[in-house]
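Participant: This is the structure, below, for whatever I ask next.
Derivation of every value follows stated rules applied to the coordinates shown; laboratory data play no part. These numbers come from a predicted model, not from an experiment. Glycine gets a Cβ as well: all are built from the backbone with ideal geometry, and neighbour counts include every protein chain shown.
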Amino acid sequence: MSDYQGKRFKVPQIPDPSKPGAARAAQQGRTSSPQQPRAPRPVTPTSHRRQDTPAAYRPSSYSTAKKPPLSSSHAAPSDYTEPPRKKRRSVIPILLIIIGIGLIVAAAAIFINAQIGYKQASESYQKIERQYSDKDASGVPIIDFNALAQTNPEVVGWIYVPGTNINYPVVQATDNSKYLNTLFDGTSNASGAIFLDYEDTAPGMVDQQTTIYGHHMNDGSMFNVISGTTDQATFDSIECVYYITRDATYKLRPLATKVVEDTYAKARTRNFEGDDGLKNYLSEMLDGASAVASDAGDRAASATKVVTLVTCRSLSLSNTRVVMVLTPVEE
């Protein structure tokens, strides 16, 4: 018989769970060494568990913990240059602002220069009026032409319109350009002077038509009021006009005011052809006139001479002119 067969094996006894002490006996049967008693596990109150939790596991530690530095493989190279950012703002608004400021400055300069010019012209003509004119009992100017000619030898007359600012000397040059920008005393100024057409026979009231020019100034000076007579009420407010020369004082009455093209040559024609030339011209002026006297038809038919006042319209870019025709009442 072999050793295997001769050995006897003990069959472990399975304790009956129903018997007391069975669990302990089973435990002792599994090990040959005595079992150490296990320390009781401390119980933590629920109110203090959050405080006893390690900081590394607290939720707040995730928000305050520093991120680990990038590895050397992710580090930015030392020679890296950030590309320039594109300018989002367009230059067009800036240019528009600059242009706007320039226009404002230019407009202000023009306005200031105009005011200076108005003041200079006003002072010049007021001085001439005080020095060289007086008034008779009816208020009509009496002119010292000899003294006036010493200041400007091209003086030929004087024009006066009661109730308006028109009270100026009248000059005549060798062309119709000189006194557009020259005052009576020779000073360069945009107000210019009141002047007789250079082709008319001096001193005026000699030819069938005497044409006198004057600017329409925005300050109300020169022939500004004549431009306003395209309105019938303004036209009617002017009862008479005086044209004064060395030899006579002519009282004139407005016949009609009409707007014509600046190329309308009949407004400066000295003498018309034929016996009915002047009559036909006046009939043409009455046709389509802006303002007409109540007795214009009768006076136009019998007139032998007229005085025509020509000025610009208030529209500076207009190619039209305002023409007021007057007939003499008495000399």
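Participant: Residue check: is residue 272 under 16 Å from residue 210 (Cα atoms), touching a helix residue (DSSP H, G or I) at 6+ places or on another chain (Cβ under 9 Å) and of a type outside the set (Ser, Thr, Tyr)?
Facilitator: So residue 272 passes the test.
Participant: Oh, and also: Within segment 223-235, does at least one residue satisfy the condition of being closer than 25 Å to residue 151 by Cβ, assigned to a strand (DSSP E or B) and touching a Gly at 6+ places or on another chain (Cβ under 8 Å)?
Facilitator: no
Participant: Quick check, is residue 263 within 38 Å of the chain's Cα centre (by Cα) and buried (at least 22 other Cβ atoms within 10 Å of the Cβ)?
Facilitator: no
Participant: For segment 188-206, name all the residues that are surrounded by fewer than 22 Cβ atoms within 10 Å (Cβ to Cβ), among the polar types (S, T, N, Q) and in contact with an Asp or Glu (Cβ under 9 Å, 6 or more places away or on another chain).
Facilitator: Hit for segment 188-206 is 201, nothing else.
Participant: Let me ask something additional. Quick check on this structure: which one of 231, 185 is under 19 Å from residue 321 (Cα atoms), under 39 Å from the mean Cα position of the chain (by Cα), of a type in the set (Asp, Glu) and surrounded by fewer than 21 Cβ atoms within 10 Å (Cβ to Cβ)?
Facilitator: 231
Participant: Turning to a different aspect of this structure: Can you tell me which of (1) loosely packed, with under 14 Cβ neighbours inside 10 Å; (2) outside any helix (DSSP H, G or I) is the one residue 301 doesn't meet?
Facilitator: The failed condition is (2).
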